[in-house]
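A short worksheet on the structure shown next.
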Amino acid sequence: MVTHQPWATREKYDRADSATRATLVAAAQRTFENLGYARTTIDRITEEAGVSRATFYVYFASKQEVFGVVAQQVRDRMVAAQDLGDIDADDIRAVAEATNAAYLDAYTENLAFLTVLEHQSLVDPEMEALWEQFHTRARERTARYIRRQTERGVLAPAASPNAIARAGGGMVANFAPLVRSEPGLRDEVIADLTAMFLRLVGLNETT
């Protein structure tokens, strides 16, 4: 006679729950991107996910909640894009080029959702707070890096680390639509972003 361990059964359910939730989140992101926030409904999300409305409410209380979860996942992917990997953290130029490239790619990939979030933040205070929170982690990480390298004496920033971090993120946001519409310009845009950032932090391209 074969017996089933209770933990094994629970693990199976946990995996199924996780897969269903992930399906709903992915479907929600696609629906928000295609329809915008206002036109997206729970019925459209569940139709896209291929699950029932009742299943949606097992995982989320509202459209706003699942929107927040999508935003957090996109934010985490974009913050993760700034990980240096094997790059020497003290090689300013290499770090700037790698992080600009990764952040631009992540921003371009998620541009449709980011546009929805930005538009919704103009009319919804909670979304405005979410939009600001979305950028805070990346800016803080960049500002810390600038401070550390300034303390080492290798940078002479043109403004405060926080201001430069904000400007750097803004430049990427402005160039992402261009790269989205003209992917062939990606390398040129990365070179321009890197050159501008290096000037802002006080490291001349000929250094």
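The values are calculated or read from the model by the stated rules, or taken from the named source; none is laboratory data. Note that this is a predicted model, so its numbers are computed, not measured. With ideal geometry, Cβ positions are generated from the backbone for all residues, glycine too; neighbour counts draw on all protein chains shown. Protein only, heavy atoms only, side chains kept; ligands, DNA and RNA dropped before computing areas. Shrake-Rupley method; radii C 1.70, N 1.55, O 1.52, S 1.80 Å.
Pairs of Cα atoms nearer than 8 Å and 6+ residues apart set the relative contact order; for the range 122-207 it is 30 percent. Entry note, the chain: the mean residue ellipticity at 222 nm calculated from DSSP H runs of n ≥ 4, each adding -39500 (n - 2.57), is -26000 deg cm²/dmol after division by the residues and rounding to the nearest 500.
Phi angles across the range 120-127 convert, under the Karplus curve 6.51 cos²θ - 1.76 cosθ + 1.60 with θ = phi - 60°, into 3J(HN,Hα) values of 5, 5, 6, 10, 10, x, 5, 5 Hz, Gly and Pro given as x.
The residues of the chain have, on average, 56 Å² of accessible surface per residue, using a 1.4 Å probe with all protein chains present.
What a 1.4 Å probe finds exposed on the chain is 51% carbon and sulfur by accessible area, rounded to a whole percent.
Relative contact order for the range 56-207: what percent, with Cα pairs under 8 Å and sequence separation of 6 or more?
Over the range 56-207, the number comes to 25 percent.
Any chance you could tell me what percent of the C-alpha pair distances in the range 70-201 go past 26 Å? Across the range 70-201, Cα pairs with separations above 26 Å total 21 percent.
Most tightly packed first, judged by the mean number of other beta-carbon atoms within 10 Å of their residues, the peptides 142-152, 178-188 read 142-152, 178-188.
Along its principal axes, the range 102-162 has C-alpha extents of 43, 25, 17 angstrom, given from the largest down.
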